[in-house]
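> Before anything else, here's the structure in question.
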Amino acid sequence: MSAPAHTTVSPPDHDICISVRSVTRVFGKRVVLENVDLAVRLGEIFGLLGPSGAGKTTLVRLICGLDLPNRGEIRLLGVPMPRLDMFGRIGYMAQSDALYNELTARENLTFFASLYGMRGAALKRRIAGLAELLRLRDDLNKPVHQYSGGMKRRLSLAIALVHEPEVLVLDEPTVGIDPELRASIWEELRRLSARGVTVLVTTHVMDEAEKCDRLAMIRNGGIIACGTPDELKRAAGGQSMEEAFLHFGGAAS
Amino acid sequence: MRIRALALRIIRQFWKDKRTLALMLVAPLLVLTLVKLVLDVDDIAPRIGVAGAPTAMAETLAETGAEVTVYDDVAAAMRDLEDLELDAVVALENGRPRVTLEGSSPTRNAAVMRTLQQAMRTLVPGGRTVEPVIAYLHGSENRDLFDFYGSMLVGFFSFFFVFIVAGVSFLRERTSGTLQRLLATPLRRWEVVAGYLLGFGLFTAIQATIVVWFATRVLGIALEGSFGLVLLANLFIVLSALTLGTLMSAFANNEFQVFQFIPLVVVPQVFFCGLIDLETMPEWLQTVGHALPLYYGAKAMQAIMLRGAGWGDIAADVAVLVGFSLAFALLNVLALRKHRAI
Ligand SMILES: Nc1ncnc2c1ncn2[C@@H]1O[C@H](COP(=O)(O)OP(=O)(O)OP(=O)(O)O)[C@@H](O)[C@H]1O
Ligand SMILES: [Mg+2]
């Protein structure tokens with residue numbers, strides 16, 4: 001692995017939401033993540049950028065406590081993961097939609113919300129608000145198997161948001177969503193981040209990466225660069241994220 | 001209450017899948033009816049040869065539904081019996097009726113016996129019954145097949161269909177990614193299993209009830225003991241099917257693999273639930289039987305239905321069934337570790 005391409009002063013501990021320390025994950029003989037270090041600050045939008053198979057999903061699942069690292073330590077809001085009571089503070093959106101196709105969108109939302117102990121009028125209001133935000137209002141009572149791909153993606157996002165988590169972990173949230181709606185989803189992420197919600201989002205779309213506060217480039221199981229989009233572009237001496245990505249990727253191999 | 005939320009969702013989801021619901025609820029009834037049609041003796045008119053007996057005997061037999069042929073000498077009748085022209089020959093021997101059954105078909109044996117008993121009641125009303133002497137040309141079996149097998153098949157078919165449906169739907173939870181998603185919420189692993197048992201439990205309980213009701217009231221399988229007790233025993237049988245089905249699905253990667261468990265896990269249970277006499281098996285094989293839940297379930301069902309056993313007689317078997325179910329559920333909680341470490 002190359003040395004970090006620039007110097008970010010490591011943030012003070014109390015400021016850190018997600019901390020990943022020398023994490024290694026091995027599946028069988030394949031080392032998918034090796035010695036990964038990462039620190040995501042409270043309330044920032046942090047992007048994980050990397051090509052397919054780089055290990056983004058693996059890392060994100062470790063952070064959520066759905067999987068255990070072979071080595072290293074992960075802390076979320078200062079608590080070592082995995083911890084059962086932390087699941088209530090995380091909103092997770094998996095890369096592939098996990099929805100009950102026979103049920104309507106409203107039933108899906110209600111079900112997941114009730115797992116977090118939500119109910120009654122507050123839950124109704126929350127569902128109405130989310131449906132408005134993600135433009136699902138007119139389709140709430142449709143069974144999910146009648147949904148288009150993008151609609152399913154939006155519903156998955158709504159489910160991740162329903163219990164108003166402090167940490168949002170979104171695995172490629174905007175795949176299959178049209179540009180206009182994508183922009184409004186990013187606006188919402190901004191709003192949430194302004195309210196103190198930490199957002200970790202994976203992507204391999206460069207223009208989305210530019211919208212993050214900071215991002216880490218991940219390739220072949222390691223972080224090859226980390227910083228603000230501008231820092232990364234400058235360090236690579238290029239104009240676009242694409243160039244930066246190719247630059248660091250080349251340096252790594 | 002998270003378990004309640006999970007159970008409610010399953011109920012709602014299952015309710016919308018009418019075909020699966022129908023498979024679980026109606027299929028056992030259809031199969032049982034089929035078995036009854038195959039095994040039942042009511043509609044067979046037994047062919048009885050009457051030789052050297054009073055004409056009243058021949059007439060009464062004919063009236064009770066037999067195809068009667070009158071012979072002058074017993075030897076001729078016996079020849080026809082040998083040639084499968086007859087199912088039985090009735091003759092008079094020292095003033096007592098002597099019945100010779102062809103014997104190779106249990107169904108026909110039973111039909112003959114039933115007709116004969118009815119005829120005897122008509123011939124000798126109230127008074128001292130003359131016990132006929134029974135002989136067999138081949139074999140010596142005599143029982144009502146559907147009564148006998150029915151008692152064990154009620155439990156088996158309930159078990160079978162619950163096993164399949166529970167296995168496949170728990171599997172679907174996994175392959176659709178929703179299990180992963182569930183485990184990203186504060187649900188505990190045992191809560192996932194408990195919610196499933198509760199939600200599915202509702203439908204399996206309905207199924208167990210309908211099957212018992214249908215078998216005893218509509219198909220008229222003999223029921224010596226109490227209806228409530230049969231129902232109870234069947235409820236515990238389907239509980240073991242439910243827990244075993246969900247556990248097995250943890251070891252399958254797709255629907256097809258769930259079905260592969262049928263010859264491995266379900267079919268062997270048939271052999272140990274009364275279809276074949278355990279005594280005739282080698283000892284090690286008997287031990288295998290004791291490791292299968294349906295062995296205890298069928299034992300209890302037969303005791304209640306055929307011998308009128310009470311709660312005291314089947315309590316031990318029910319306890320074993322509960323033990324199996326608990327063990328399966330616990331193993332399932334452990335198997336879920338594969339999907340989330342805590
Ligand atoms: N359970 C697993 N068992 C074995 N290998 C796995 C497992 N999960 C992931 N991998 C491997 O780890 C590597 C990284 O996978 P991962 O899903 O993290 O990639 P990704 O960066 O999310 O890719 P994409 O952008 O396509 O989603 C892949 O090579 C994959 O084959
Ligand atoms: Mg991925």
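The values are calculated or read from the model by the stated rules, or taken from the named source; none is laboratory data. All values derive from a computational prediction rather than experimental measurement. Side chains included, ligands, DNA and RNA excluded: accessible areas come from the protein's heavy atoms. Shrake-Rupley method; radii C 1.70, N 1.55, O 1.52, S 1.80 Å.
> Can you run phi through the Karplus equation (6.51, -1.76, 1.60; θ = phi - 60°) for the stretch A:212-219 and list ³J(HN,Hα) in whole Hz, with x for Gly and Pro?
7, 5, 9, 8, 10, 9, 10, 8
> At 20 Å minimum axial length over the Cα atoms and a Kyte-Doolittle cut of 0.5, report the qualifying DSSP H helices in chain B, or say none.
The answer, listed by residue number, is B:18-39, B:145-175, B:189-213, B:227-249, B:311-335.
> Residues with amide H under 5 Å of A:VAL32's amide H, sequence separation 5 or more or different chain, H placed in the peptide plane at 1.01 Å from N; which?
Amide H neighbours of A:VAL32, under 5 Å, 5+ apart: A:ARG25, A:VAL26, A:PHE27.
> I want to verify a result. In a Gaussian network model of chain B, Cα cutoff 10 Å, which of these has the top mean-square fluctuation: B:TYR296, B:TYR149, B:TYR71?
Looking only at B:TYR296, B:TYR149, B:TYR71, the biggest GNM fluctuation is shown by B:TYR71.
> On to the next question. Could you state the number of Å between the C-alpha centres of the stretch B:159-179 and the stretch B:184-210?
Taking the Cα centre of each part, the stretch B:184-210 and the stretch B:159-179 sit 12 Å apart.
> Report B:TRP311's accessible area, 1.4 Å probe, all protein chains in place, as a number in Å² to the nearest 10.
Ignoring ligands and nucleic acids, B:TRP311 comes out at about 130 Å².
> From the helices alone, meaning DSSP H stretches of at least four residues, give me the mean residue ellipticity at 222 nm for chain A, per-run term -39500 (n - 2.57), in deg cm²/dmol to the nearest 500.
Only helices count here, giving -10500 deg cm²/dmol.
> Among the residues of the stretch B:306-342, which ones have their accessible area go down by 40 Å² or more when all the protein chains sit together, as opposed to their chain alone (1.4 Å probe)?
When all protein chains are present, B:ARG340, B:ALA341, B:ILE342 each give up 40 Å² or more of accessible surface.
> Okay, moving on. For the stretch B:3-79 and the stretch B:297-342, what is the separation of their Cα centres, given in Å?
31 Å
> Starting from the amide H of A:GLY91, placed 1.01 Å from N in the peptide plane, find each other amide H under 5 Å away whose residue is 5 or more places distant or on another chain.
It is A:VAL167, A:LEU168, A:VAL169, by chain and number.
> Do any residues of the stretch B:1-28 show a loss of at least 40 square angstrom of accessible area between the isolated chain and the full protein assembly, using a 1.4 Å probe, and if so which?
Listed by number, the residues meeting the 40 Å² cut-off are B:ALA5, B:ARG9, B:ARG12, B:GLN13, B:LYS16.
> In the stretch A:113-157, which residues become less accessible by 40 Å² or more once every protein chain is in place, relative to the chain on its own, using a 1.4 Å probe?
A:LEU115, A:TYR116
> Need one number: buried accessible surface between chains B and A, 1.4 Å probe, both sides summed, DNA, RNA and ligands left out, in Å² to 100.
2400 Å²
> Hey, another quick one. To one decimal place, what Kirkwood hydrodynamic radius in Å is obtained for the stretch A:112-253 from all pairs of distinct Cα atoms?
Across the stretch A:112-253, the inverse of the average 1/r is 16.9 Å.
> Using just the alpha carbons, could you tell me how many Å³ per residue the convex hull of chain B encloses?
Per residue, the Cα convex hull of chain B comes to 163 Å³.
> May I pose another question? What percentages, rounded to whole numbers, describe P(r) for chain A computed over all alpha carbon pairs with 10 Å bin width beginning at zero?
7, 31, 35, 20, 6, 0
> Collect residues whose amide H, placed 1.01 Å from N in the peptide plane, falls under 5 Å from the amide H of B:GLU67; neighbours closer than 5 in sequence don't count.
The answer is B:ARG47, B:ILE48.
> Still on this structure, I have one more. Quick one: accessible area per residue over chain A, 1.4 Å probe, rounded to a whole number of Å²?
It amounts to 43 Å² per residue over chain A.
> Before rounding to the nearest 500, sum -39500 (n - 2.57) across all DSSP H runs of length at least 4 in chain B and divide by the residue total; then give [θ] at 222 nm in deg cm²/dmol.
The helix-only estimate for chain B comes to -21000 deg cm²/dmol at 222 nm.
> Within the protein assembly as shown, what whole-number % of the accessible surface is contributed by carbon and sulfur, with the 1.4 Å probe and all protein chains included in the calculation?
It is 56 percent, rounded to a whole number.
> Right, here's the next one. If you take every DSSP beta bridge fully contained in chain A, what fraction is antiparallel? Give it as a percent rounded to 5.
55 percent
> Just the number please: accessible area per residue for the stretch B:1-108, 1.4 Å probe, all protein chains included, in Å².
So the stretch B:1-108 comes to 52 Å² accessible per residue, rounded to a whole number.
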